[in-house]
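Heads up: the structure comes next, in structure tokens.
Values quoted throughout were computed directly from the atomic coordinates according to the rules given, and no laboratory measurement underlies them. None of these values were measured; they are calculated from a predicted model. FYI the Cβ positions are ideal-geometry reconstructions off the backbone, even for glycines, and counts take in every protein chain you see.
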Amino acid sequence: MTEAARELRVAMVGYGFMGAAHSQGWRVAPRFFDLAAEPVMATIVGRDRDRVEAARRKFGWQRAETDWRRVVEDPDIDIVDICSPGASHAEIAIAALDAGKHVLCEKPLANTVAEAEAMVAAAERAASRGVRSMVGFSYRRVPAIGYARRLVQEGRLGAIRQVRALYLQDWLSDENGPMTWRLDKEAAGSGSLGDIGAHAIDLVEHLTGSRLESVSGTLATFVEERPLLGETVGLSGTASTERGRVTVDDAAWFTARLDGGAAAGAIGAFEATRYATGRKNALRIELSGSRGAIAFDLEAMNELQFYDATAPAGEQGFTRIIVTEPEHPYMANWWPTGHAIGYEHAFSHQIKDFVDAVTGGADPEPSFADGLHIQRVLAAVEASAGSGSAWTPTA
Ligand code: SOE
């Protein structure tokens with residue numbers, strides 16, 4: 001950190017959807033939250049000179065750079081924020097940590113367990129020198145999720161016995177939609193499983209304090225060939241006349257056994273798909289416990305359903321809590337009572353928490369070790385699917 005000015009100079013690698021979301025976080029967090037240091041949007045990095053320059057102007061970074069190695073070695077940079085596809089995470093993160101930069105890395109942490117293990121080793125070496133690292137599971141920072149976690153920790157659900165976690169999107173349901181890097185195993189590691197299933201796993205573990213200790217799963221690829229991508233538009237884009245092979249799963253379904261925390265001994269059902277026609281970004285979590293239950297749906301992200309099984313029988317039923325009050329996590333810093341927030345706010349909260357950890361000398365969560373554990377769960381689902389859905393340990 002540049003002590004005199006209390007500034008943290010940030011370099012962000014990648015400028016696609018996640019680059020846009022993280023830029024928003026870096027720009028907005030210091031305006032709404034009291035941070036001990038001011039993040040400076042110093043350098044944005046991408047391989048294509050014209051595109052990265054256009055992204056620099058659009059998102060408001062000071063400089064554009066085409067070689068991440070130069071940025072990692074730049075003594076003026078304090079933080080490296082990795083928003084590029086999974087295939088590049090390990091190399092960039094390890095080089096940045098070894099160069100003493102704090103690292104925020106998009107999820108899933110890596111494309112393979114071996115890469116994630118090397119990243120954890122680098123994070124541990126760096127931590128002994130006060131260098132922090134965190135994985136960007138941004139949905140942990142949705143206020144309704146934070147509030148649900150508080151209810152679990154206060155024992156309001158009692159012993160959680162059943163967990164349902166679905167992440168449903170439909171942006172691939174048109175079989176003529178083009179290939180993107182998210183459909184290429186080399187670039188993305190896996191398909192729906194790692195892209196969105198990883199969020200579902202992380203949220204269940206974050207909410208309950210439990211870990212998925214074994215899984216039994218199945219994977220499906222419904223459309224094996226698609227037109228190649230012309231111009232990127234949102235998650236997809238225009239189609240070219242050439243075709244390419246889809247090398248990842250389109251949908252991942254698995255059951256799990258949980259251990260430790262509030263859901264010790266629980267069973268879970270998980271589903272991740274980009275073919276759930278009509279479901280745009282429905283990340284749905286339901287936890288059923290001995291004293292109560294909660295249900296959350298990202299498509300109504302300012303709400304949390306809470307069922308109190310200890311209420312008088314005549315008054316029982318799910319209560320729809322509107323999570324826009326100052327007593328809800330992060331909300332005191334936004335709008336007056338009752339005024340909702342959106343998808344991008346989770347990224348501002350993520351930046352706030354990361355900067356707090358860097359300036360306060362604490363280890364932020366989720367750590368790279370948490371990211372490695374999730375990578376092991378993903379690998380166990382793949383191994384299970386490959387062996388006819390056999391139960392497969394995650395460690
Ligand atoms: C695409 O499926 C995607 O953008 C994920 O990559 C993100 O992590 C999720 O927030 C929204 O969906």
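Could you sort out which of Lys107/Lys352; Lys58/Lys352; Lys107/Lys280; Lys101/Lys352; Lys280/Lys352 sit more than 25 Å apart by Cα distance in this structure?
Over 25 Å Cα-Cα: Lys280/Lys352.
Using modelled backbone amide H atoms (1.01 Å from N, in-plane), which distant-in-sequence or interchain residues come within less than 5 Å of Gly244's amide H?
Long-range HN contacts for Gly244: Arg226, Leu228.
When the C-alpha atoms of the chain are aligned to their principal axes, what extent does each axis show, in angstrom, from largest down?
So the extents along the principal axes, rounded to whole Å, are 63, 52, 39.
When the chain is treated as a GNM, springs tying every alpha-carbon pair under 10 Å, which of Ala313, Ala110, Ala37 comes out with the largest mean-square fluctuation?
Sorting by GNM fluctuation, first place goes to Ala313.
Which is farthest toward the positive dipole end of the chain among Gly209, Thr324, Ile285, measuring Cα position about the Cα centre, with Cβ charges +1 (Lys, Arg) and -1 (Asp, Glu)?
Final value for the positive-end residue is Thr324.
Could you tell me whether segment 34-114 comes out rounded, prolate or oblate from its Cα gyration tensor? Rule is a ≥ b ≥ c as square roots of the eigenvalues, rounded for a/c under 1.5, then prolate if a/b exceeds b/c, otherwise oblate.
Note, shape of segment 34-114 comes out oblate.
Charges at C-beta only: +1 for Lys and Arg, -1 for Asp and Glu. How large is the resulting dipole of the chain about its Cα centre, in Debye rounded to 20?
320
What full-extension length gain, to one decimal in nm, is calculated for Arg161 and Ala340 as 0.36 nm per residue of separation minus the Cα-Cα distance?
Gain in length upon complete extension: 61.3 nm.
When a/c is below 1.5 the answer is rounded, else prolate if a/b is larger than b/c, else oblate, so apply that to segment 167-315 with a ≥ b ≥ c taken from the square roots of the Cα gyration tensor eigenvalues.
Since a/c reaches 1.5 and a/b is larger than b/c, the shape of segment 167-315 is classed as prolate.
Only residues of segment 67-86 count here: report those whose backbone N is under 16 Å from the spot 7 Å along Cα→Cβ of Thr247, or say none.
Zone members listed by number: 85-86.
For a footprinting-style exposure proxy, rank Phe254, Phe222 by other Cβ within 10 Å, fewest first.
Fewest-to-most ranking of Phe254, Phe222: Phe222, Phe254.
Could you check what % of the DSSP bridge pairs in the chain are antiparallel, to the nearest 5?
Antiparallel: roughly 60 percent of the beta bridges in the chain.
Taking each pair of different alpha-carbon atoms in segment 1-150 once, compute 1/r for the pair, average those values, and report the inverse of that mean as the Kirkwood hydrodynamic radius in Å to one decimal.
In segment 1-150 this quantity evaluates to 15.8 Å.
How would you classify segment 147-210 from its alpha-carbon gyration tensor, with a ≥ b ≥ c the square roots of the eigenvalues: rounded for a/c under 1.5, else prolate if a/b is greater than b/c, otherwise oblate?
Verdict is prolate for segment 147-210.
In nm, give the distance between the simple-model label positions of Arg31 and Asp259, each being 7 Å from the Cα along the Cα-to-Cβ direction.
Result for the modelled spin labels: 4.7 nm.
Would you be so kind as to identify which of Phe32, Ala90, Leu109 lies farthest towards the positive end of the dipole of segment 7-138, taking Lys and Arg as +1 and Asp and Glu as -1 on Cβ and the Cα centre as origin?
Final value for the positive-end residue is Phe32.
Within a 10 angstrom radius of the beta carbon, how do Val223, Val40 rank from fewest other beta carbons to most?
Neighbour counts put them in this order, fewest first: Val223, Val40.
Can you run phi through the Karplus equation (6.51, -1.76, 1.60; θ = phi - 60°) for segment 328-337 and list ³J(HN,Hα) in whole Hz, with x for Gly and Pro?
Ordered by residue, 3J(HN,Hα) equals 7, x, 6, 6, 4, 8, 9, 8, x, 2 Hz.
Gaussian network model of the chain, Cα springs within a sub-10 Å range: biggest mean-square fluctuation belongs to which of Gly314, Gly177, Gly189?
Highest fluctuation of the listed residues: Gly314.
Counting only residues 5 or more places away or on other chains, whose amide H sits under 5 Å from the amide H of Arg63 once H atoms are built in the peptide plane?
Thr43, Ile44
Hey, what did segment 7-138 get for relative contact order, percent, Cα under 8 Å, at least 6 apart?
It rounds to 23 percent for segment 7-138.
Could you rank the peptides 229-242, 87-100, 65-78, 204-217 by their average count of other C-beta atoms within 10 Å per residue, with the highest value first?
Order by mean packing, descending: 204-217, 87-100, 65-78, 229-242.
Karplus couplings for segment 57-65 from phi (6.51 cos²θ - 1.76 cosθ + 1.60, θ = phi - 60°), rounded to Hz, Gly and Pro as x?
So the Karplus estimates, Gly and Pro as x, are 5, 5, 8, x, 8, 6, 10, 10, 9 Hz.
Give a residue-ordered list of calculated ³J(HN,Hα) values for segment 242-250 (Karplus: 6.51 cos²θ - 1.76 cosθ + 1.60, θ = phi - 60°; whole Hz; x for Gly, Pro).
7, 10, x, 8, 7, 10, 10, 6, 8
Under a 5 Å amide H to amide H cut-off, with H placed in plane at 1.01 Å, what residues pair with Ser389 once short-range neighbours are removed?
Result for Ser389 returns Gly217.
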